[in-house]
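**Student:** Below is a structure I'd like to ask you about.
The values are calculated or read from the model by the stated rules, or taken from the named source; none is laboratory data. Predicted, not measured: the structure shown is a model, and the values here were computed from it. Positions of Cβ are generated from backbone atoms using ideal geometry, with glycine treated the same way; all protein chains shown enter the neighbour counts. Side chains are part of the model used for accessible areas, which takes the heavy atoms of the whole protein and leaves out ligands, DNA and RNA. Shrake-Rupley method; radii C 1.70, N 1.55, O 1.52, S 1.80 Å.
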Amino acid sequence: MDAQNKPAVTYRYWRAWPLILCSLMCYVLTGVVSSIVNVASVLFEADRGWDAALLTGGMSVASFINVVTGYIAGRMASRRSAKPVCIAWGVMFIAGVLAMGISTQVGVFVVAMCLANAAASAWGYNTMPVLITRWFPTRKGTVQGFASMGILLGSVSSMVYTWAYRTLGPALSTVPFVVFALVALVLLMALISDWPEQRGFVPDTMERCAPVADPASAELAEDAELAAGAATGAAEATATAELEEAGAARHAPAASEIRRFFANPVFVLLTVVLGLQLVFSGGIMVQLVPRLIEVGFTLDQSTLIMTLTSFLACAGSFGAGIIGDRFGAKAGVVLTFILGAVGVVLNLVPNEAVAILGVVCIGCVVGSADNWPVNICAELFDRRMFSQVFGVMFPTIQLVGAIGPALVAQVAQAFGGYQAAYVLLAVLMVVGAVAFPPLMRIVQNRACADNPRHDVKTPQG
């Protein structure tokens, strides 16, 4: 619904608490593998003689695998129910992290790491946003902003893994994450449906309504209501035409329109620019602990700083979602680019307190980087077409972001430290902040011209 048709009721988010909590937990799990590798690269090099560079470099391989599973997740979520797809990724994640714990060979560990990371990414980044957008088509930014706080909260995984490794031993070091994933799976299976109408809730407002077995019927009814409200003398004829058009679009998910967008070089370039934020977040977070050690902190201090600053940065992630809903995703994307540039510059200052402040800014970027593709896609397409477009758009963004860990590692190795890599990331963030607004304006105008009806959401920013 657009702004003038929004019902004037209080948003009852608590009625969707299973979805909101499960989404938060899934985003926590997206960072578990990289957090484990942050610590394991140090512990295993000392205890087992494994090459730390091999483990951190393996995260780039895992990131490229994420792209493949992302496309698969997108196609599955658009063709089938998103809920069982989420369950499948949860089971795969549990199997992967269990194998990481019991493995004694570096090859097995790397394969399990890639499996678990791909499953967590597909679960949290690629599939849960489909459910969020279906439940909160208008307030998706706020809910997504809250859920993506899980990325920052997931930084505690480094401390959890360190504790489990030293207390329970290497074989049981990943058990806490298995338990956490099982809780998310129980919530998903028992209390969440693909569409809020199936649970007896109205999208966004979470007002009580009669449960609808076929969500398409509720969507058709909404289209009829909007069409009838806009009609004048020929209300019935207009409503019927709108209803037939909506039904046809729903049975044929506008594949030609999606292809038109991805054949447009400006839209592709917009997707690549959004991917720069994942280059930034992936490149920094996988190697944040080694960078803090390079600054002068110990391993325990580094993991503690990473955890504390991430908690502080949660406010930035949630604030990004509110900005997206109130001022448009374009303003939020530009702000995130600026924060990224400021964060790495502060981290380069030879002062520990300033470096910590830089990590807080970096945490805000990491926490909101995956929020903006969801908002941009949802602003251009409604909740019915979201899964089709997002299923291609976000894996493409991931493909760009996959170079992040290897890029930072290689530049740091070539120049003998992370300073040069951080300068490069600052430049990329400035480029993104400058390039994104005109690209978004062009794509937005194209979307509105191609679809003048309410199927396309006009961004506010």
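**Student:** Considering each of 344, 334 in turn, give the residue that is surrounded by fewer than 22 Cβ atoms within 10 Å (Cβ to Cβ) and within 14 Å of residue 365 (Cβ to Cβ).
**Tutor:** 334
**Student:** Which pairs have Cβ atoms under 8 Å, sit 6 or more apart or on different chains, and link a residue in the range 73-97 that is on the phi < 0 side of the Ramachandran plot to one that is open to solvent by less than 10 Å² (accessible area, probe 1.4 Å) and not in a helix (DSSP H, G or I)?
**Tutor:** Every condition considered, the pairs that remain are 83/192; 97/174.
**Student:** Which residues, counting only those in the range 397-415, are of a type outside the set (Gly, Ala, Ser) and open to solvent by 20 Å² or more (accessible area, probe 1.4 Å)? Full working, then the answer.
**Tutor:** Taking the range 397-415 as the starting set, the residues that turn out to be of a type outside the set (Gly, Ala, Ser) are 397-400, 403, 405, 407-408, 410-411, 413, 415.
Passing the criteria: 399, 400, 403, 407, 410, 411, 413, 415.
**Student:** Given the options 344, 349, 334, name the one that is closer than 24 Å to residue 124 by Cα and at pLDDT 80 or above.
**Tutor:** After applying the criteria, what remains is 334.
**Student:** In the range 11-36, which residue that is under 12 Å from the mean Cα position of the chain (by Cα) and surrounded by 23 or more Cβ atoms within 10 Å (Cβ to Cβ) is modelled with the lowest pLDDT?
**Tutor:** In the first step, residues of the range 11-36 are kept if they are under 12 Å from the mean Cα position of the chain (by Cα); the result is 23-24, 26-31.
Filter once more, keeping what is surrounded by 23 or more Cβ atoms within 10 Å (Cβ to Cβ): 23, 26-31.
Values: 23: 94, 26: 95, 27: 91, 28: 92, 29: 94, 30: 90, 31: 85.
By that ranking, first place goes to 31.
**Student:** Same structure, new question: Out of the range 110-128, which residues are free of Cβ contacts under 8 Å to residues at least 60 places away in the same chain and either within 20 Å of residue 41 (Cβ to Cβ) or surrounded by fewer than 24 Cβ atoms within 10 Å (Cβ to Cβ) (or both)? Talk me through it step by step, then tell me what you get.
**Tutor:** First, the residues of the range 110-128 that are free of Cβ contacts under 8 Å to residues at least 60 places away in the same chain: 110-112, 114-115, 118-119, 122, 127.
Listed by number, the residues that qualify are 110, 111, 112, 114, 115, 118.
**Student:** Out of everything in the range 162-213 that is farther than 26 Å from residue 141 by Cα and either small (Gly, Ala, Ser) or in a loop (DSSP other than H, G, I, E, B) (or both), what residue ends up being most open to solvent (accessible area, probe 1.4 Å)? Give the steps one after another, and end with the answer.
**Tutor:** First pass over the range 162-213, keeping only residues farther than 26 Å from residue 141 by Cα: 162-179, 182, 210, 213.
The next check asks that each one be either small (Gly, Ala, Ser) or in a loop (DSSP other than H, G, I, E, B) (or both); those that pass are 164, 168-169, 171, 173-174, 210, 213.
Working: 164: 0, 168: 77, 169: 16, 171: 57, 173: 1, 174: 1, 210: 75, 213: 95 Å².
The residue in question is 213.
**Student:** Okay, moving on. Is one or more of the residues making up the range 278-299 among the basic types (Lys, Arg) and open to solvent by less than 20 Å² (accessible area, probe 1.4 Å)? Quick ask: steps written out before the conclusion?
**Tutor:** Step one: of the range 278-299, the residues among the basic types (Lys, Arg) are 291.
Pick out the ones that are also open to solvent by less than 20 Å² (accessible area, probe 1.4 Å) and you get 291.
Checking the range 278-299: at least one residue is among the basic types (Lys, Arg) and open to solvent by less than 20 Å² (accessible area, probe 1.4 Å).
**Student:** What is the one condition in (1) of a type in the set (Ser, Thr, Tyr); (2) open to solvent by less than 70 Å² (accessible area, probe 1.4 Å); (3) under 24 Å from residue 22 (Cβ atoms) that residue 60 does not satisfy?
**Tutor:** In the conditions (1) of a type in the set (Ser, Thr, Tyr); (2) open to solvent by less than 70 Å² (accessible area, probe 1.4 Å); (3) under 24 Å from residue 22 (Cβ atoms), residue 60 misses (3) alone.
**Student:** Further question: Only one of (1) within 20 Å of residue 325 (Cα to Cα); (2) modelled with pLDDT under 80; (3) part of a helix (DSSP H, G or I) is not met by residue 456, so which one is it?
**Tutor:** So the condition that residue 456 fails would be (3).
**Student:** For the range 374-396, does any single residue satisfy the condition of being under 30 Å from residue 295 (Cα atoms), assigned to a helix (DSSP H, G or I) and either open to solvent by less than 20 Å² (accessible area, probe 1.4 Å) or of a type in the set (Asp, Glu) (or both)? Outline the logic, then answer.
**Tutor:** Here is the first cut: in the range 374-396, the ones under 30 Å from residue 295 (Cα atoms) are none.
Among the residues of the range 374-396, not one is under 30 Å from residue 295 (Cα atoms), assigned to a helix (DSSP H, G or I) and either open to solvent by less than 20 Å² (accessible area, probe 1.4 Å) or of a type in the set (Asp, Glu) (or both), which makes the answer no.
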